[in-house]
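No lab work stands behind these numbers, since they all come straight from the coordinates. Everything numeric here is computed off the predicted structure, so don't read it as measured data. All Cβ positions, glycine included, derive from the backbone under ideal geometry; neighbour counts span all protein chains shown.
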Ligand code: SF4
């Protein structure tokens, strides 16, 4: 393992320790079933939406439409009604309806386990595709959202400008066993400790290992 890799793994292990006593709220925990269809639907609803709203909206929709067949049968207005007040609920309702139709037409109602096929589905970007691959299918993939991008840069693990570059840089840096849990780890850390504006540095376990506190480039 290179020094960079060892440093990254050391920092992430400390992040894990910092989160031991906190309450999980991320998608990985909201959707415990690891069912690819449920994850896909919840992830689409979650974009620009708070976790608590996502959880309730997903539960309402998936209770009425637990499969692609049932979702395709729902009217767009009904989907919008069920997922309200998720952000952009009308756009998402349209995407979810089309998503269900495409899953039926192309994959007999199943979610494909290839990234390219996932990315071709309505409403699915790289972040969603990687989340479904990792949590739904156990295929190693790094789901980079704003928290992962921000914290990986703040910790000095990567120096990137866009989430796609961050994904690539982290793939090179981290052993594969960190890829799937990384999103959950850094999202929770970003929400509860290393917040964007006022990070709680005084109670953070990273301490001198964080470049932001200005000490730890020494080996
Ligand atoms: S020391 Fe502060 S900036 Fe660094 S990881 Fe911890 S909370 Fe974030």
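From helices alone, the chain scores -17000 deg cm²/dmol at 222 nm; the rule is -39500 (n - 2.57) for each run of n ≥ 4 DSSP H residues, then divide by the residue total. Spin-label model, residue 34 to residue 88: label points 7 Å out along the Cα-to-beta-carbon direction sit 3.0 nm apart. Based on the alpha-carbon gyration tensor of segment 91-134 and its eigenvalue square roots a ≥ b ≥ c, which shape applies: rounded if a/c is under 1.5, prolate if not and a/b is larger than b/c, or oblate? Oblate is the answer for segment 91-134, as a/c is 1.5 or above yet b/c matches or exceeds a/b. Size descriptors for segment 29-85, from the alpha-carbon set: Rg then Dmax equal 10.5, 29 Å. Extension gain for residue 70 to residue 4 (0.36 nm times residue separation, less C-alpha to C-alpha distance): 18.9 nm. Measuring r between the beta carbons of residue 81 and residue 119 and using R0 = 30 Å, the FRET efficiency lands at 0.60. Estimated from the Cβ-Cβ distance and a Förster radius of 35 angstrom, the FRET efficiency linking residue 98 and residue 165 is about 0.75.
Calculated from the alpha-carbon coordinates, segment 27-137 shows an Rg and a Dmax of 12.2, 32 Å respectively. What is segment 117-167 by shape, rounded, prolate or oblate, if you read a ≥ b ≥ c off the alpha carbon gyration tensor as root eigenvalues and call it rounded for a/c under 1.5, prolate for a/b larger than b/c, and oblate otherwise? It is prolate, given that a/c is not under 1.5 and a/b is the larger ratio.
Calculated over segment 67-219, the projected area of the Cα convex hull averaged across directions stands at 10.9 nm². With the simple spin-label model, which puts each label point 7 Å out from Cα in the Cβ direction, the residue 202 to residue 153 separation comes to 2.8 nm.
Counted over all Cα-Cα pairs of segment 59-118, pairs farther apart than 13 Å make up 59 percent.
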